[in-house]
Amino acid sequence: MEPGLECSTADGIATITLRNPAKRNAMTPSMWRELPPLLAELAATSQVHAVVLTGYGATFCAGADIGSFSPDVDVQDLAVRAEEALAGFPGPTLAVVRGHCVGGGAQLAVACDLRFADEDARFGVTPARLGVVYAASSTQRLVRLAGPSATKHLLYSAELIGAARALRIGLADEVLPAGALEARVAEFTALLVSRSRLTQFTAKEYVDGPPDPERQRHWEHVARESGELAEGAAAFLERRPARFPWSP
């Protein structure tokens with residue numbers, strides 16, 4: 001099986017699977033390069049409400065497939081480009097983590113909005129094993145998620161931590177028994193699709209970026225014209241699921 005990315009779309013959810021099973025789904029140069037244009041294509045598709053990122057089989061991603069890189073390839077540059085593309089996807093993104101989520105894999109998981117993990121998952125941010133200077137943007141994203149002390153622990157030690165500790169420091173949002181993970185992800189993504197995309201898109205922009213009065217005025221105008229509030233109120237009063245009309 002050749003390494004690569006698999007993408008499938010169903011019921012408003014695009015699922016991207018990292019596939020390199022011989023190397024525990026470690027990322028090759030082509031996999032890193034493939035991710036940004038794939039995300040751009042999904043962002044331009046109104047049928048895609050949210051993105052799920054996961055790994056093939058029983059593991060998420062063991063990092064970069066170092067043996068597949070030639071000396072002239074900047075591994076960190078490729079990883080950061082992919083990370084930024086994932087973080088910049090305008091709709092909700094969810095990492096579904098089984099097994100190892102290490103190095104570049106953790107970098108991708110942290111770039112997602114939320115992380116659901118099975119109870120046997122292991123997380124690690126491991127540049128100290130290789131003498132790599134971790135990118136400043138990646139470091140700050142990890143700080144915003146897990147806090148300064150936890151970030152220092154992870155970067156100083158390159159130690160792998162279990163799912164329970166990842167949950168405690170904010171690196172994971174939900175931890176579930178392996179048999180319950182799939183059902184919970186299906187339930188949660190269906191819930192996402194049932195909610196207002198306008199609310200989700202603006203919430204993501206406001207949470208992730210600095211205050212921008214011009215962008216706020218833009219979204220207030222979109223909200224007035226969208227009919228979202230009228231539909232939400234009508235659905236509430238009529239006790240029916242809302243059919244939110246706005247699409248990017």
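No lab work stands behind these numbers, since they all come straight from the coordinates. As the structure is a prediction and not an experimental result, all values here were calculated from the model. Note: ideal-geometry Cβ built from the backbone for every residue, glycine included; neighbour counts use all protein chains shown.
None of 145, 94, 78 is under 17 Å from the mean Cα position of the chain (by Cα), under 23 Å from residue 19 (Cβ atoms) and assigned to a helix (DSSP H, G or I) except 78.
Of everything listed in (1) surrounded by fewer than 16 Cβ atoms within 10 Å (Cβ to Cβ); (2) polar (S, T, N, Q); (3) closer than 25 Å to residue 192 by Cα, the single unmet condition for residue 107 is (1). Does residue 244 count as at negative phi, out of contact with any strand residue (DSSP E or B) (no Cβ under 6 Å at 6 or more places or on another chain) and surrounded by 11 or more Cβ atoms within 10 Å (Cβ to Cβ)? For residue 244, the condition - at negative phi, out of contact with any strand residue (DSSP E or B) (no Cβ under 6 Å at 6 or more places or on another chain) and surrounded by 11 or more Cβ atoms within 10 Å (Cβ to Cβ) - is met. Which of the following residues is more than 22 Å from residue 92 (Cα to Cα), in contact with a helix residue (DSSP H, G or I) (Cβ under 6 Å, 6 or more places away or on another chain) and without any contact (Cβ under 8 Å) to a residue 24 or more places away in the chain: 150, 158? Within the list 150, 158, the selection yields 150. The set of residues from the range 200-219 being buried (at least 16 other Cβ atoms within 10 Å of the Cβ) and under 23 Å from residue 96 (Cβ atoms) comprises 200, 201, 204.
Please indicate, with yes or no, whether at least one residue in the range 117-128 is farther than 25 Å from residue 189 by Cβ, of a type outside the set (Ser, Thr, Tyr), in a loop (DSSP other than H, G, I, E, B) and under 18 Å from the mean Cα position of the chain (by Cα). Yes: the range 117-128 contains one or more residues that are farther than 25 Å from residue 189 by Cβ, of a type outside the set (Ser, Thr, Tyr), in a loop (DSSP other than H, G, I, E, B) and under 18 Å from the mean Cα position of the chain (by Cα).
Residue count for the range 44-69 under the criterion of being surrounded by 17 or more Cβ atoms within 10 Å (Cβ to Cβ) and assigned to a helix (DSSP H, G or I): the result is 1.
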